[in-house]
1. Anything in the stretch 21-33 that is among the small types (Gly, Ala, Ser) and surrounded by 17 or more Cβ atoms within 10 Å (Cβ to Cβ)? List them, or say none.
Amino acid sequence: MNDTRGTEPTDLLLVQHAVSFSSDGGTMTLHGISAATVYFRDSPPREIGHLSSRRLVEGWDDGDGSFGSDPPTAVLSFVEEADGDGTPSDVVVRLRAPRLVAGDVSYGIEVVDGELPAVAGPCTLFIERTGADALRAR
C-alpha cells in the first residue's frame, strides 16, 4: 500500500467479507471476517489493495479525520439468510467503535436506511468514505 500521508483526501471504498452476520439493533457482528480488508481509492492517486482487518480496527480512532471522529457510512449486502429462505435487502448503516475478537468484528451502528435482520448468512460490508484520509493509521 502506498503512503498517502500529506496528500489531498480522496474517495475510498473498503470491503469486508464475512461468513455470517448477527445484530441486536444497536450492534452488528460480522462473523468469520476475512483477515484482509480490500480497499479502492477512486480519485488520483488511484489505489487498489488490502490491509489487515485488525489494523483497520486498531487504527479506527487515529488522527484528525479518522473514522472515530467522523463515522463512515456503509452498505451491508447479504448473499442469503442464515436459514436459506431468502436474501435480505441491503441496509445502509453508520459505523462506530469496532471490536475485533477471534475473527468476528462488531460495530456500533445507526441504521440509515433499511432493516437489519437478526441473523443472516454470508455478507459483504462496503464502507464508503468521501473526503478523508481513512487509511492514515495503517
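The values are calculated or read from the model by the stated rules, or taken from the named source; none is laboratory data. None of the values given here were measured: they were computed from a predicted structure. All Cβ positions, glycine included, derive from the backbone under ideal geometry; neighbour counts span all protein chains shown.
1. Looking only at the stretch 21-33, we keep the residues that are among the small types (Gly, Ala, Ser), and these are 22-23, 25-26, 32.
Correct list: 22, 23.
Quick grid of which residues meet (1) over 13 Å from residue 128 (Cα atoms); (2) assigned to a strand (DSSP E or B); (3) among the charged types (D, E, K, R); (4) within 13 Å of the chain's Cα centre (by Cα):
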{"position": "14", "(1), (2), (3), (4)": "no, yes, no, yes"}
{"position": "33", "(1), (2), (3), (4)": "yes, no, no, yes"}
{"position": "45", "(1), (2), (3), (4)": "yes, no, no, no"}
{"position": "48", "(1), (2), (3), (4)": "yes, yes, no, no"}
{"position": "51", "(1), (2), (3), (4)": "yes, yes, no, yes"}
{"position": "54", "(1), (2), (3), (4)": "yes, no, yes, yes"}
{"position": "57", "(1), (2), (3), (4)": "yes, no, no, yes"}
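A quick yes/no check of all residues on (1) of a type in the set (Val, Ile, Thr); (2) crowded, with 17+ Cβ neighbours inside 10 Å; (3) modelled with pLDDT of 95 or more; (4) in contact with a His (Cβ under 8 Å, 6 or more places away or on another chain):
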{"residue": "63", "(1), (2), (3), (4)": "no, no, no, no"}
{"residue": "66", "(1), (2), (3), (4)": "no, yes, no, no"}
{"residue": "87", "(1), (2), (3), (4)": "yes, no, no, no"}
{"residue": "92", "(1), (2), (3), (4)": "yes, no, yes, no"}
{"residue": "97", "(1), (2), (3), (4)": "no, no, yes, no"}
{"residue": "118", "(1), (2), (3), (4)": "no, no, no, no"}
{"residue": "129", "(1), (2), (3), (4)": "no, yes, no, no"}
{"residue": "132", "(1), (2), (3), (4)": "no, yes, no, no"}
{"residue": "137", "(1), (2), (3), (4)": "no, yes, no, no"}
